[in-house]
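Enquirer: Please find one structure pasted underneath; my questions will follow.
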């Protein structure tokens with residue numbers, strides 16, 4: 001999404017693109033670019049906050065143990081969730097955050113608000129019917 005906004009910004013800034021109401025279009029696009037930045041920032045904050053909470057819980061469970069043992073003290077679910085969070089943060093850096101890693105379509109904002117670490121859209125996460133396997 002962020003790259004799409006950059007493409008539109010480039011188009012609007014070019015001299016060849018002079019349509020009536022161009023200023024209004026630029027203003028709308030700038031607002032939407034700011035919205036995208038705010039949205040990414042809020043998702044990044046949610047992910048890093050969740051990561052800190054998981055790490056804090058593990059530290060509390062293993063009080064007095066060396067740091068290397070604290071890392072080993074994560075439960076299977078915590079390790080999985082930390083990997084998903086790291087994957088989401090990496091996708092943000094790469095510019096692919098918010099797109100399904102399986103089919104490439106946009107992941108809905110409601111889904112990302114509920115699960116900021118989501119890597120797949122709802123259609124790709126639903127279990128396949130019995131008898132239909134890939």
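Enquirer: Is the stretch 95-108 home to any residue that is assigned to a helix (DSSP H, G or I) and at pLDDT below 90?
Expert: no
Enquirer: Just give me the residues in the stretch 57-71 being in a helix (DSSP H, G or I) and either modelled with pLDDT of 65 or more or under 15 Å from the mean Cα position of the chain (by Cα) (or both), in sequence order.
Expert: Correct list: 57, 58, 59, 60, 61.
Enquirer: May I pose another question? Assess whether residue 119 counts as being at pLDDT 90 or above, surrounded by 16 or more Cβ atoms within 10 Å (Cβ to Cβ), under 10 Å from the mean Cα position of the chain (by Cα) and not in a helix (DSSP H, G or I).
Expert: For residue 119, the condition - at pLDDT 90 or above, surrounded by 16 or more Cβ atoms within 10 Å (Cβ to Cβ), under 10 Å from the mean Cα position of the chain (by Cα) and not in a helix (DSSP H, G or I) - is met.
Enquirer: Against the conditions (1) at pLDDT 90 or above; (2) not in a helix (DSSP H, G or I), where does residue 83 fall short? Just the number, please.
Expert: (2)
Enquirer: When the stretch 15-56 is examined, which residues are found to be at pLDDT 80 or above and either surrounded by 14 or more Cβ atoms within 10 Å (Cβ to Cβ) or in a loop (DSSP other than H, G, I, E, B) (or both)?
Expert: Correct list: 39, 40, 43, 44, 46, 47, 50, 51, 54, 55.
The values are calculated or read from the model by the stated rules, or taken from the named source; none is laboratory data. Note that the structure is a prediction, hence the values are computed from the model and not measured. Here Cβ is always computed from backbone atoms with ideal geometry, including for glycine, and neighbour counts include all displayed protein chains.
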